[in-house]
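This report refers to the structure that appears directly beneath it.
The values are calculated or read from the model by the stated rules, or taken from the named source; none is laboratory data. Keep in mind that what you see is a predicted model, and the values were worked out from it rather than measured. Cβ coordinates were reconstructed from backbone atoms using ideal geometry, including for glycine residues, and neighbour counts include every protein chain displayed. Just so you know, the surface numbers come from the protein's heavy atoms only, side chains and all, with ligands and any DNA or RNA stripped out. Shrake-Rupley method; radii C 1.70, N 1.55, O 1.52, S 1.80 Å.
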Amino acid sequence: MKNNSIGIYAATVLAMVFWSLSFIWYKEVFQFYKPITLVVGRLSISAIFLFITVGLIMRKLTRIKASDLKYFLLLAFFEPFLYFMGESFGMTMVSSTLAAVIISTIPLFSPLGEFYIYKTRVTLMNFVGIMVSVIGVGMVIFHQGFGKLEANPVGIALMFLAVFAALGYSLTLRKLTSAYNVFTIITYQNTIAVIYFLPIFFLFEFNHFMSVGVTIASLMPLVKLGIFASTFAFLLFTYSVKHLGVTKANSFANAIPVLTAIFAYFLLGETLGIVKIAGIAIVVLGLFLSQVPREHARRVFAFIPVGLITRARLRKNE
């Protein structure tokens, strides 16, 4: 493997680590602030950090063409705005592990989005992967039994809203990566998103924010979200999309539920029962199946009937 390829894959994995940890940092922030305050805080920190480092120090911030402004507005609407509306409110209703499992289904829908927008062909394995992963998500949600739903259904729906917002983001991002550097894209994306969120913040949560105030304890998880999850993770992921494409880059979300489950176990004390672990494993299996190349998929499906016939013959001869 070439050094450049190693760097691309390492960047993508590191982005997934930061996003996995973000589910832990969410829970820390919610001890002080409400969802919109969390989002405005992390995006404001990110935007200020980017303008200072990228604009003033590195001088890598380029001007947006008038014809591309609509794509930047759409990009910021999908993510961070719509994505964080779903994720932030959803995280108040579901566990960190379940949230990560749902978010990890993003790669399943990427091929469908690419087919609709860019006419990229969808394979049978994509659909098989979707069905397998849906079973895994169901096991995590109902790990205590079908009569004992662990999470609020509204929270689950909000997390899936974040999933489809991330898909729209990835497809829009593809249009911009060939014309702008990753620093420019993420800086303007997060700045526009702050503008989207500010009216909602002042209307619904400003008074609560003023009553809580700002302390070191409340600020630290916000800084971690702003610097690592909203800045470095997006920079690394944009770099990945530019070199790997939407579907391959999104496939690395396979690691998010596993990493988050591990972090949540050690840092938040969340439990990991057998059914939940099996559900996570099935989700990951489905995600990998959905990424199997067409030529390999043919071998898999050709092997299944051959294997069944062979077993039938062996039983007949016994």
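Here is how the numbers come out for the structure above:
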{"read-out": "Cα convex hull volume per residue for region 133-252 (Å³)", "value": "157"}
{"read-out": "Per-residue HN-Hα couplings for region 14-24 [Karplus 6.51, -1.76, 1.60; θ = phi - 60°; Hz; x = Gly/Pro]", "value": "5, 4, 5, 5, 4, 5, 5, 5, 4, 5, 6"}
{"read-out": "15 Å beta-carbon shell around residue 34, net charge (K/R +1, D/E -1)", "value": "-1"}
{"read-out": "Accessible surface of region 1-73, 1.4 Å probe, proportion on carbon and sulfur as whole %", "value": "64"}
{"read-out": "Residue-normalised accessible area of region 1-104, given per residue in Å² at a 1.4 Å probe", "value": "42"}
{"read-out": "Protein accessible area in region 181-285, 1.4 Å probe - carbon and sulfur %", "value": "78"}
{"read-out": "Per residue value of the accessible surface for region 191-285 (all protein chains in place, 1.4 Å probe), Å²", "value": "47"}
{"read-out": "Cβ-Cβ FRET estimate between residue 51 and residue 154, R0 fixed at 45 Å, reported to 0.05", "value": "0.80"}
{"read-out": "Filtered chymotrypsin sites (Phe, Trp or Tyr not before Pro), region 1-55: DSSP coil and at most 16 other beta carbons within 10 Å", "value": "30"}
{"read-out": "Rounded, prolate or oblate (a/c below 1.5 giving rounded, otherwise prolate when a/b exceeds b/c) for region 44-85 by Cα gyration tensor", "value": "oblate"}
{"read-out": "Shape call, region 1-61: gyration tensor on alpha carbons, a/c limit 1.5", "value": "oblate"}
{"read-out": "Region 1-108: Cα Rg divided by the 2.2 N^0.38 Å rule of thumb", "value": "1.27"}
{"read-out": "Region 231-288: C-alpha gyration tensor shape, a/c 1.5 cut-off, then a/b vs b/c", "value": "oblate"}
